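In what follows, a structure is listed as structure tokens, so that the remarks can point back to it.
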Amino acid sequence: MRRPGRRAALLPALLLAAWTASGAAAAGEACLPMPGGGELTVAGVGRAVFASLVTDRARDAARLSGGVCLEFEGTGGVLRSGSLDIGDLGGAVTVVATDVTLELPGWHLTAGRLVADASGATLSPAVMRGQEAVARAAVLTIDLFTGGFAAEDVRLLTASVWIDAAHARFDGRRVWATDAWLTTCDCPPADADVRVEAVAVEAELTPLRIVLVGGVLVIGAWRWALPDPWTVDETSLAASTLPFTVAPDPDGVRGTVVTFREQTVSDGARLGWDAGSGAGARPPDLRVRLAAGAGGASVDLLGASDRLRVAWRVARPAAGGWSVSFGQRLEGGAWREPVRDVDLTLGWRGTPSPGSGAARVALDLGAFAAVSAQRLAGGERVGARLGASAGALLEGPEVGGVRPSVRLAAGVTLYPSGIGDGPTTQAWGSVAPTVAARWGAWRLDAAHLARWVVGASPFGTTLDRVGPAQRTDLSLSVRPPAQRGWAGVARLALRYDWLADSRRPARAVGLERLQVALEAGGPAWAGRLDLRAEAALAGWVDPRPDRPTSLAGAVAWTRGGWELGARTAFDPLADVDPWREVTVFAAVPFATGAWAWRPYLALDVAAWARGAGPRVVGHGLDLAWTSCCGVVELGYRVDGATGTRVTLGLRLEPHDLDAARLAAADASGSAWVVGAGHGNVPAMASEP
Amino acid sequence: MKATAPSPSSVSGYPGCVVGPQRCRAGSLRLLVWLLAALLAWPAWGQAGVAELSVTAYGRQRLDLETGRTVLEDGGELVDRTSGVRIAAAWIAYLDGIEVVARGVTLDGDVGRVEAGEIAVDLLGGRLQATGGVRWLRPGVDVTGRSLWFDVGAGVAGLVGGIEATAPEVSAAEVWIELASGRVLLVGPYRYADGRLVLTGGADAALQLDVVEVAGVPGYDARSAVDPDWAETVARLRGEPWAAAGE
């Protein structure tokens, strides 16, 4: 594999559009008159503003000097230079300038030399700066007749990729290059530990999509031939982490869950899976989800360690309309009520009336037929189900920061026969009014759910049994304006269950939750200080057991990788040992060269009061290895209070689009110096 | 501005071109130099005096015995017997060998026709001043300005005030011409068009045109940097009272 000696890169095809677009104002500031100077207009070339001019009739030429600004006629380009030579005035006019800057819509170019005529311009060497990319080329030719660009020895840097190529040409928004090296590492491909070398490259820059021909993946000294052709796009290049995560189940059911994020494996098809290692006695829970779709139809397959669900949907009522879906559920396991269910559902969803601030109505209708089986404590239940449901969401307009809404729903399911004691029905209806209010820093959300049920399903809740409900949720929070970097929030949350409870005496309070929390955080001691205090008070009011009662507080100071803090929790109703924990924790960063690590330790010192030693309640370690190809992060943290976290990822920072970085020395190339421009003197100079 | 394009040879061999022989056209500036040179060489303005002139009065002719001036109150004609230059005016006053003043003047000669509101010739000082609107006409040439004057001793002529000329198209606040060298100075705001080139400058700008001849075709080179001696000469003449009076 030959190495592109004089690198060339993909030059943005946007440059073409820029050049051919009209309007100097869009390209850059128009040329302004110079004191004591004048203007020269050359038909077919443009208008030049100069400080000094000399025409030479013998050479059929003119020289402009002392600072020149040239607006190209019809191209939208504005050229600035210290001097400018115009030749062949009687024929095909030519323009020659050195140390130039060229402004094009979206691009700022500097070049050591520019030669232009009616057919195009050649810049050498050239540096381009744009919003989305920077590039440099030993020679850049702009062909105004064919509307194409050609470059030699080019290097292109975008937010996600470095590309070097020996030759490149451009047409529209596409780029073709030969002898190209590419890498997502933030360094020249020759210096990257991971890169791709290709005989030919075709690229679309917006959005980025690259097709490689004759590609070879190079990792250090290892080389693998890539499929021919091989395509990468913006999504795959921009992936900043490995495609899976390890984190506690947010629902708190499945313990630590490893999730492989859904990936697009081909057009319209996605694949993803996750696995949870159960906290408690539950077995590992593995889920695999496959999804494929075309147009409005889709097929979803969800497989889990204890169940399988398949659904075909022939229409997707994303914005309203009819849908037909067919689904299967196969669920089982020792700790779950096994379910086998096949359903065919016809649905209709009304298009919600749009508009913010105004009233809104959304309707849902559905009818289904299903054959289901479930094994319950009383034995196997098998039979058909026929059902229909209707729902409506009514949202009122927001008045004075208050927006009311109510959700109405009703449904009925008929179980013809063969299930339990004979034909039966389950009908239910619910009303769920809510109020959301925003008054400056204050926020109030109130909701009530009332559900009535007539009859009962012979199946369990896993399948379709519903129960009555009468409960109210209320949350109130205030978030005062931040002062001197400090911000905080105070929250009050409660839930009241109005239904009778077998464990609750008649007329007793049914307070499920009463919680008050205060949080504040801001700069302190050259770092950040976070404070939290929380009180769970339901147990003081509700006589039922297991109502939460605790007083807790935490303080944490962080700076860089440092993390120091303490937390405590106290149960005032506990008869024995009311201190649940008094924990101190710390994380201390260390770094050596490209390596960094940070151990974490949390100790519960409450046992000291009882004469015992401290107890380790949390530990962890974070490792990071930094290279130009990104930061590889590996770590874990186990803490009784915050759960388990495992980190394994590759963090890619967006490349800094600084044109000076293009000058990175390489074995075969020349060193480039790009500095600040001054007046009409361009910013770039080259060194041999 | 009237655009004309006679062949170079048809305009006394002095087309006014900056560059590019194929773009050369008749040069009104060059012709103006020729005209002024002709005027300068006219014996009446030189040593010969008015005696070389043929004077024809259209009507009353009055001789002021105190001053020695002869006044053709109803106008008349002055014709140089040598060059054939003819001045017809609605009013003429001349003092033999001293001065000639004429109003409503039309000058005809080989160089074409010059029209002026008034001409004052200082025969002793070697200065001519044409005011009240000056226009020079000949086939392919049409130059207008507010006033024209030249200093015989300095060999410099100036046209001042809204100068408009064709071929090459020139407009300027002032045009100065050095007869010996042919140097021309356009004082801004100016506009100079020649073929594909159009040069413009603001009130603080100036453009020097130098006569060149390429492949036998005369024309002009233009440059924004004015020769120091030329700039000094123009600055001196612009500051003289008689020049200022003509503006």
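Identify all residues within the range A:46-80 that are closer than 21 Å to B:Ala205 by Cβ and β-branched (Val, Ile, Thr); write none if there are none.
A:Val49, A:Val54, A:Thr55, A:Val68
Just wondering, is there one or more residues in the range A:110-122 that are in a loop (DSSP other than H, G, I, E, B), free of Cβ contacts under 8 Å to residues at least 40 places away in the same chain and farther than 18 Å from A:Arg661 by Cβ?
yes
In the range A:48-59, which residues are buried (at least 19 other Cβ atoms within 10 Å of the Cβ) and either in a strand (DSSP E or B) or more than 7 Å from chain B (Cβ to nearest Cβ) (or both)?
A:Ala48, A:Val49, A:Phe50, A:Ala51, A:Leu53, A:Thr55, A:Asp56
Being within 20 Å of A:Ser389 (Cβ to Cβ) and either touching a residue at least 40 places away in the same chain (Cβ under 8 Å) or outside any loop (DSSP other than H, G, I, E, B) (or both) is the filter here; which residues of the range A:435-458 pass it?
The answer is A:Leu449, A:Ala450, A:Arg451, A:Trp452, A:Val453, A:Val454, A:Gly455, A:Ser457, A:Pro458.
State yes or no: is B:Leu107 within 12 Å of the chain's Cα centre (by Cα) and among the hydrophobic types (A, V, I, L, M, F, W, C)?
Here the answer is yes, as B:Leu107 does meet what is asked.
All but one of (1) more than 15 Å from the chain's Cα centre (by Cα); (2) part of a strand (DSSP E or B); (3) more than 29 Å from A:Ala58 (Cα to Cα) hold for B:Glu213; state the number of the condition that does not hold.
The failed condition is (3).
Just wondering, is there one or more residues in the range A:172-193 that are of a type in the set (Lys, Arg) and surrounded by 24 or more Cβ atoms within 10 Å (Cβ to Cβ)?
Step one: list which residues in the range A:172-193 are of a type in the set (Lys, Arg), which gives A:173-174.
Subset that is surrounded by 24 or more Cβ atoms within 10 Å (Cβ to Cβ): none.
Within the range A:172-193, none of the residues are of a type in the set (Lys, Arg) and surrounded by 24 or more Cβ atoms within 10 Å (Cβ to Cβ).
Residue pairs, Cβ under 7 Å, 6 or more apart or interchain, first in the range B:193-205 and more than 17 Å from B:Ala225 (Cβ to Cβ) and in contact (Cβ under 8 Å) with a residue 40 or more places away in the chain, second among the small types (Gly, Ala, Ser) and surrounded by fewer than 21 Cβ atoms within 10 Å (Cβ to Cβ). List them.
What qualifies is B:Arg196/A:Ala43; B:Arg196/A:Gly44.
In the range A:369-422, what residues are within 24 Å of A:Ala436 (Cα to Cα) and not in a strand (DSSP E or B)?
If the condition is that a residue be within 24 Å of A:Ala436 (Cα to Cα) and not in a strand (DSSP E or B), then A:Gly396, A:Pro397, A:Glu398, A:Gly400, A:Gly401 are the ones that fit.
Output the number of the condition that A:Val576 fails; it satisfies all remaining conditions of (1) surrounded by 14 or more Cβ atoms within 10 Å (Cβ to Cβ); (2) free of Cβ contacts under 8 Å to residues at least 60 places away in the same chain.
Of (1) surrounded by 14 or more Cβ atoms within 10 Å (Cβ to Cβ); (2) free of Cβ contacts under 8 Å to residues at least 60 places away in the same chain, only one is false for A:Val576: (1).
Identify the residue in the range B:81-98 that is touching a Leu at 6+ places or on another chain (Cβ under 6 Å) and either of a type in the set (Asp, Glu) or assigned to a strand (DSSP E or B) (or both) and, among all such residues, is modelled with the highest pLDDT.
Filtering the range B:81-98 for residues that are touching a Leu at 6+ places or on another chain (Cβ under 6 Å) and either of a type in the set (Asp, Glu) or assigned to a strand (DSSP E or B) (or both), the one modelled with the highest pLDDT comes out as B:Ile92.
In the range B:171-204, how many are crowded, with 22+ Cβ neighbours inside 10 Å and within 14 Å of chain A (Cβ to nearest Cβ)?
11
Tell me whether the range A:69-77 contains one or more residues that are surrounded by 23 or more Cβ atoms within 10 Å (Cβ to Cβ) and over 55 Å from the mean Cα position of the chain (by Cα).
The answer is no; no qualifying residue exists.
In the range A:34-43, how many are outside any strand (DSSP E or B) and either over 13 Å from A:Phe72 (Cα atoms) or more than 7 Å from chain B (Cβ to nearest Cβ) (or both)?
Looking only at that region, the number is 4.
Any idea which of (1) surrounded by fewer than 22 Cβ atoms within 10 Å (Cβ to Cβ); (2) at pLDDT 90 or above; (3) at the interface with another protein chain (Cβ under 7 Å from one of its Cβ atoms) is the one B:Asp227 doesn't satisfy?
Looking at each condition in turn, B:Asp227 falls short on (3).
What's the number of the only condition in (1) free of Cβ contacts under 8 Å to residues at least 40 places away in the same chain; (2) surrounded by 14 or more Cβ atoms within 10 Å (Cβ to Cβ); (3) of a type in the set (A, V, I, L, M) that A:Leu499 fails to meet?
Here A:Leu499 meets the rest and fails (2).
In the range A:612-656, what count of residues is obtained for those that are hydroxyl-bearing (Ser, Thr, Tyr), assigned to a strand (DSSP E or B) and more than 30 Å from A:Ala133 (Cα to Cα)?
Looking only at that region, the number is 3.
Considering the range B:108-142 alone, what residues qualify as being assigned to a strand (DSSP E or B), over 23 Å from B:Ala154 (Cα atoms) and not basic (Lys, Arg)?
B:Asp108, B:Gly109, B:Gly112, B:Glu115, B:Gly117, B:Gly132, B:Gly133, B:Leu137, B:Val141, B:Asp142 - these are the residues of the range B:108-142 that are assigned to a strand (DSSP E or B), over 23 Å from B:Ala154 (Cα atoms) and not basic (Lys, Arg).
The values are calculated or read from the model by the stated rules, or taken from the named source; none is laboratory data. Model, not experiment: these values are computed from the prediction. A quick note on method: Cβ atoms are made from the backbone with ideal geometry, for glycine too, and the neighbour counts reach across all protein chains shown.
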